[in-house]
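Chemist: Input: one structure, supplied below.
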There are 2 protein chains.
Amino acid sequence: MTTANLLGDIPKDMTDESFQTILSRPGIRIERIVSRGHCSPEGFWYDQEGDEWVLLVRGNAALAFEDDPQLVALAPGDHLLIPAHRRHRVAWTSETEETIWLAVHMG
Amino acid sequence: MTTANLLGDIPKDMTDESFQTILSRPGIRIERIVSRGHCSPEGFWYDQEGDEWVLLVRGNAALAFEDDPQLVALAPGDHLLIPAHRRHRVAWTSETEETIWLAVHMG
């Protein structure tokens, strides 16, 4: 039985955010995202076909939702469900350490 | 947008393992498990209808598989896919701290 580690194999070059699919099958995709100071482009909104459950594993970040002026700050262990088509963006991620997200895409 | 925290709300009474469903819908169930020194009863094997992806978030533990004499030790961040009907048990979990698991049950 082989295991992998969600906190390991951080890319040396973090110019771009890192997206890695851990598991993919009909109706579900589990993804690891590593950010370092990245945020979504100004004016860009994710508008997803399916629901997404997201867990912040390490680091710090904040999400913005188009329909809510309040940012949602996330610390390690924080998780939330982002319903399909709820337009959102990454407002900021920590610049001083890697932020590791676990995303479970559904539907 | 409300968030919850996977590391929070640890039951004060940890006589029994804690199982908490975070999200449940057809084909997927996301569950948090908190253990403290718990293990599966001797001779008991989980034999599950669906695949399970499991992430050890905090603590330390080991899984045993019926078809493999080697224990699979898990540290924070370690994850693995346990295929349906692959008989397994929790061999041990840390007695000195809570072990927090995230399980994604599929199918």
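Chemist: Those residues that are within 13 Å of chain A (Cβ to nearest Cβ) and of a type outside the set (A, V, I, L, M, F, W, C), I need them from segment B:90-107; list them, please.
Modeler: B:E98, B:H105, B:G107 - these are the residues of segment B:90-107 that are within 13 Å of chain A (Cβ to nearest Cβ) and of a type outside the set (A, V, I, L, M, F, W, C).
Chemist: Additional query: Would you say A:I22 is in contact with a strand residue (DSSP E or B) (Cβ under 7 Å, 6 or more places away or on another chain), within 13 Å of another protein chain (Cβ to nearest Cβ), open to solvent by 40 Å² or more (accessible area, probe 1.4 Å) and under 21 Å from A:T96 (Cβ atoms)?
Modeler: So A:I22 fails the test.
Table: residues versus (1) of a type in the set (G, A, S); (2) under 14 Å from the mean Cα position of the chain (by Cα).
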| residue | (1), (2) |
| --- | --- |
| B:G37 | yes, yes |
| B:Q48 | no, yes |
| B:E52 | no, yes |
| B:D67 | no, no |
| B:V72 | no, yes |
| B:L80 | no, yes |
| B:R86 | no, no |
| B:G107 | yes, no |
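Chemist: B:W92 passes all but one of (1) closer than 19 Å to A:H79 by Cβ; (2) open to solvent by 40 Å² or more (accessible area, probe 1.4 Å); (3) not small (G, A, S); which number fails?
Modeler: (1) is the only condition that B:W92 fails.
Chemist: Now, a different point. For the condition part of a loop (DSSP other than H, G, I, E, B) and buried (at least 18 other Cβ atoms within 10 Å of the Cβ), what is the one hit in B:H38, B:H85?
Modeler: Values: B:H85 fails: buried (at least 18 other Cβ atoms within 10 Å of the Cβ).
So the residue among B:H38, B:H85 that is part of a loop (DSSP other than H, G, I, E, B) and buried (at least 18 other Cβ atoms within 10 Å of the Cβ) is B:H38.
Chemist: Tell me whether segment B:22-34 contains one or more residues that are under 22 Å from A:L6 (Cα atoms) and assigned to a loop (DSSP other than H, G, I, E, B).
Modeler: There is no residue in segment B:22-34 that is under 22 Å from A:L6 (Cα atoms) and assigned to a loop (DSSP other than H, G, I, E, B).
Chemist: Please go through (1) surrounded by fewer than 17 Cβ atoms within 10 Å (Cβ to Cβ); (2) more than 13 Å from chain A (Cβ to nearest Cβ); (3) touching a Phe, Trp or Tyr at 6+ places or on another chain (Cβ under 8 Å) for B:I33 and return the number of the only condition it doesn't satisfy.
Modeler: So the condition that B:I33 fails would be (1).
The values are calculated or read from the model by the stated rules, or taken from the named source; none is laboratory data. Just so it is clear, the structure is predicted and the values come from calculations on it, not from any experiment. All Cβ positions, even for glycine, are placed from backbone atoms using ideal geometry, and neighbour counts span all protein chains on display. Side chains are part of the model used for accessible areas, which takes the heavy atoms of the whole protein and leaves out ligands, DNA and RNA. Shrake-Rupley method; radii C 1.70, N 1.55, O 1.52, S 1.80 Å.
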